[in-house]
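Working notes for the structure below.
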Amino acid sequence: MSKIQVQGVHHITFVGSNREATIDFYEGVLGMPLVLEQPNLDVPEETHLYFDAGDGRLITFFVRPTRVNDPTPNPEGIGNLHHLAFTVSRATYTQVAQRLNERNIWNTGNIDRGFMDSIYFRDPNGQLLEMACYKFVPPEGYTVADVLVTAHRLRIAAGAPAVHEEHLADAIAELVRRKAISLTGSDQGRAEARQSAAPKGKEDEVGSGVN
């Protein structure tokens, strides 16, 4: 049976409180511009707010003027959203805890996750949020997922319980080698990758190298 192949997150929608409180936090505190506002097309008495999370992907909220914030932590049962993580630059990450503290917003401070750093806090309606910053930049032509899947394989081979910075460093080196062409002849990784991808019977042609 064929898969239904997804290609990314389109948007995430929450049930919010009221328009003013939602805009105050998500635009005023987290800097997400409000890019679209219209009625909830399924429930016309609600307003649907769309915020740009920073990369063009949308976080949206159904709100009503009669609702007020409820800071009770959201349930973490099966089927519930545990937390939503936003990406920030290293420069911004170093300021997150201080700026949340200035607004009297509880937060965990920095938590080292091995391959990233995290700070957790809650929005005015009890939703757990995370500011996350990776400890690496993927090599040109590769994605974060490429680095993580390679680092995972390396940490399994090493018998490590979780990915750490040494696995990231080795993963990045391996990915770079896959594309590298060197005048010193150290392009073995790329030749091997091309050879493994070649149709049967073409090994000699692909493995002939660069003249």
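The values are calculated or read from the model by the stated rules, or taken from the named source; none is laboratory data. As the structure is a computational prediction, the values presented were derived from the model and not from experiment. No Cβ is skipped: glycine too gets one built from the backbone with ideal geometry, and neighbour counts run over all protein chains shown.
Could you list, in sequence order, the residues of region 86-115 that are under 17 Å from the mean Cα position of the chain (by Cα) and among the charged types (D, E, K, R)?
Within region 86-115, 90, 112, 113 qualify.
Inspect region 168-181 for any residue being aliphatic (A, V, I, L, M), modelled with pLDDT under 95 and either under 30 Å from residue 71 (Cβ atoms) or not assigned by TED's automatic domain parsing to the domain that holds residue 87 (or both) and give the result as yes or no.
Step one: of region 168-181, the residues aliphatic (A, V, I, L, M) are 168-169, 171-173, 175-176, 180-181.
After this cut, where a residue has to be modelled with pLDDT under 95 as well, the list is 180-181.
The next check asks that each one be either under 30 Å from residue 71 (Cβ atoms) or not assigned by TED's automatic domain parsing to the domain that holds residue 87 (or both); those that pass are 180-181.
The answer is yes; a qualifying residue exists.
Given the criteria under 17 Å from the mean Cα position of the chain (by Cα) and in a helix (DSSP H, G or I), does residue 175 qualify? Before you say what the answer is, go through the steps one by one.
Working: under 17 Å from the mean Cα position of the chain (by Cα): no; in a helix (DSSP H, G or I): yes.
No, not satisfied.
It is to be established whether one or more residues within region 19-29 are of a type in the set (Gly, Ala, Ser) and surrounded by 17 or more Cβ atoms within 10 Å (Cβ to Cβ).
Scanning region 19-29 turns up at least one residue that is of a type in the set (Gly, Ala, Ser) and surrounded by 17 or more Cβ atoms within 10 Å (Cβ to Cβ).
It is to be established whether one or more residues within region 116-138 are touching a residue at least 12 places away in the same chain (Cβ under 8 Å), among the β-branched types (Val, Ile, Thr) and either within 22 Å of residue 74 (Cα to Cα) or in contact with a Pro (Cβ under 8 Å, 6 or more places away or on another chain) (or both). Before you say what the answer is, go through the steps one by one.
Going through region 116-138, the residues touching a residue at least 12 places away in the same chain (Cβ under 8 Å) turn out to be 116-136, 138.
Of the ones still in play, those that are also among the β-branched types (Val, Ile, Thr) are 119.
Filter again for either within 22 Å of residue 74 (Cα to Cα) or in contact with a Pro (Cβ under 8 Å, 6 or more places away or on another chain) (or both), leaving 119.
Yes, region 116-138 contains a residue that is touching a residue at least 12 places away in the same chain (Cβ under 8 Å), among the β-branched types (Val, Ile, Thr) and either within 22 Å of residue 74 (Cα to Cα) or in contact with a Pro (Cβ under 8 Å, 6 or more places away or on another chain) (or both).
Of all residues in region 15-33, how many are under 24 Å from the mean Cα position of the chain (by Cα) and farther than 23 Å from residue 120 by Cα?
The qualifying residues number 0.
Based on this model, can you work out whether residue 92 counts as surrounded by 11 or more Cβ atoms within 10 Å (Cβ to Cβ), within 25 Å of residue 137 (Cβ to Cβ) and hydroxyl-bearing (Ser, Thr, Tyr)? Steps first, please.
Values: surrounded by 11 or more Cβ atoms within 10 Å (Cβ to Cβ): yes; within 25 Å of residue 137 (Cβ to Cβ): yes; hydroxyl-bearing (Ser, Thr, Tyr): yes.
So residue 92 fits the description; yes.
Looking at region 66-86, can you tell me whether even one residue there is touching a Phe, Trp or Tyr at 6+ places or on another chain (Cβ under 8 Å), within 22 Å of residue 49 (Cβ to Cβ) and of a type in the set (A, V, I, L, M, F, W, C)?
Initially, region 66-86 is screened for residues touching a Phe, Trp or Tyr at 6+ places or on another chain (Cβ under 8 Å), giving 83.
Subsequent filtering for residues that are within 22 Å of residue 49 (Cβ to Cβ) retains 83.
Going one step further and asking which of them are of a type in the set (A, V, I, L, M, F, W, C), we end up with none.
Checked region 66-86: no residue is touching a Phe, Trp or Tyr at 6+ places or on another chain (Cβ under 8 Å), within 22 Å of residue 49 (Cβ to Cβ) and of a type in the set (A, V, I, L, M, F, W, C).
Report, by residue number, each residue of region 106-126 that is surrounded by fewer than 17 Cβ atoms within 10 Å (Cβ to Cβ) and within 29 Å of residue 20 (Cβ to Cβ).
Of everything in region 106-126, those that are surrounded by fewer than 17 Cβ atoms within 10 Å (Cβ to Cβ) and within 29 Å of residue 20 (Cβ to Cβ) turn out to be 106, 108, 120, 126.
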